[in-house]
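J.: What follows is a single structure, and I will ask about it in a moment.
The values are calculated or read from the model by the stated rules, or taken from the named source; none is laboratory data. Just so it is clear, the structure is predicted and the values come from calculations on it, not from any experiment. Glycine also receives a Cβ, built like all others from the backbone with ideal geometry; neighbour counts cover every protein chain displayed.
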Amino acid sequence: MTPDAQHADILIPDYSRIVSRVEAGSRVLDLGCGKGDLLLRLVKERGVKGMGVEIDENAVIECIHKGLSVFQGDLDEGLSDYGDESYDYVILDQTLQVIRRPELVIAEMLRVGKKAIVSFPNFGHWKVRWKLLWSGHMPRTPKLPFYWYNTPNIHLLTISDFVAFCRAQKIYILEEIDLVQAQDRDPKIIRWGANWRADEGLFVLSRTRQGHAQ
């Protein structure tokens, strides 16, 4: 891991924003759950009935040591093991940009869950634009800290890209929270100019306007 990547690990994540949007006692499926930090908070703070999916074996083992229920699986293969609306929320936190088949994964999230929560780094942030324009090299920022040759990110997108995707796929955006990293404290909400001012987008999605089956 590069020093820049290590720096990314100490950024304050957006877990509080996600936790506050999940009703107590909900059934939650956390995709790409990593070491289970978000899922553990949801279990402890919201009393959810939670399950994680993670491809990395070491991360799965760490989740199990925390007492979490986790299944080792590849998100790009879909969620065929899960029934329609078997969860209240399906979460994909900071993972959209690393999967190979984002369209499939989001469609599956909205089949399996009544609502989906998706967050990702915004490649349209002004620092990213400026670094690409000024240096002519692929930009690196705290949210996107890797070099072009070792980055796990394969589908870089902007907030505007994601909004357009949802519109084309007839996905309802129930809530959009645009965030910028604030030093030594929780990310700050951006109220205007999100596509160039925010370094992260957080969306609550549904197949229906009300977020439940009609």
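J.: Which is under 27 Å from residue 175 (Cβ atoms), at pLDDT 95 or above and assigned to a helix (DSSP H, G or I), of 62, 85, 108?
T.: Answer to the selection: 108.
J.: So, one more: May I ask you to verify whether residue 156 is assigned to a helix (DSSP H, G or I), surrounded by fewer than 19 Cβ atoms within 10 Å (Cβ to Cβ) and either free of Cβ contacts under 8 Å to residues at least 60 places away in the same chain or under 13 Å from the mean Cα position of the chain (by Cα) (or both)?
T.: Spelling it out, it is not the case that residue 156 is assigned to a helix (DSSP H, G or I), surrounded by fewer than 19 Cβ atoms within 10 Å (Cβ to Cβ) and either free of Cβ contacts under 8 Å to residues at least 60 places away in the same chain or under 13 Å from the mean Cα position of the chain (by Cα) (or both).
J.: Could you grab me the full set of residues in segment 8-55 that are of a type in the set (Asp, Glu) and either modelled with pLDDT under 95 or surrounded by 22 or more Cβ atoms within 10 Å (Cβ to Cβ) (or both)? Break it down into steps so the answer makes sense when it comes.
T.: Taking segment 8-55 first, the residues of a type in the set (Asp, Glu) are 9, 14, 23, 30, 37, 45, 54.
Hits for segment 8-55 are 9, 14, 30, 54.
J.: Look at segment 170-214 and say how many of its residues are in a strand (DSSP E or B), of a type in the set (Val, Ile, Thr) and at pLDDT 90 or above.
T.: Of the residues in segment 170-214, the ones in a strand (DSSP E or B) are 172-182, 185-189, 200-206.
Going one step further and asking which of them are of a type in the set (Val, Ile, Thr), we end up with 173, 177, 180, 189, 204.
Those still in the list that are at pLDDT 90 or above too: 173, 177, 204.
So the count comes out to 3.
J.: Evaluate the following for residue 17: is it without any contact (Cβ under 8 Å) to a residue 60 or more places away in the chain, within 23 Å of residue 178 (Cβ to Cβ), in a helix (DSSP H, G or I) and among the charged types (D, E, K, R)?
T.: So residue 17 fails the test.
J.: Looking only at segment 100-114, count every residue that is surrounded by 22 or more Cβ atoms within 10 Å (Cβ to Cβ) and touching a helix residue (DSSP H, G or I) at 6+ places or on another chain (Cβ under 9 Å) and tell me the total.
T.: 3
J.: If you take the residues of segment 131-153 that are surrounded by fewer than 12 Cβ atoms within 10 Å (Cβ to Cβ) and in a helix (DSSP H, G or I), which of them is nearest to the chain's Cα centre (by Cα)? First the steps, then the outcome.
T.: Restricting attention to segment 131-153, the residues satisfying the condition of being surrounded by fewer than 12 Cβ atoms within 10 Å (Cβ to Cβ) are 133-137, 148-150, 152.
Applying the additional criterion that residues be in a helix (DSSP H, G or I) yields 133-135.
Values: 133: 27, 134: 29, 135: 29 Å.
Result: 133.
J.: Okay, moving on. With (1) over 13 Å from the mean Cα position of the chain (by Cα); (2) touching a residue at least 40 places away in the same chain (Cβ under 8 Å); (3) within 25 Å of residue 154 (Cα to Cα) as the list, and residue 87 as the residue in question, which single condition is left unmet?
T.: Result: residue 87 fails condition (3) only.
J.: List, please: which pairs have Cβ atoms under 7 Å, are six or more places apart or on different chains, and start with a residue in segment 190-208 that is β-branched (Val, Ile, Thr) and end with one that is at pLDDT below 90?
T.: Pairs that qualify, where the first residue is β-branched (Val, Ile, Thr) and the partner is at pLDDT below 90, are 190/180; 208/214.
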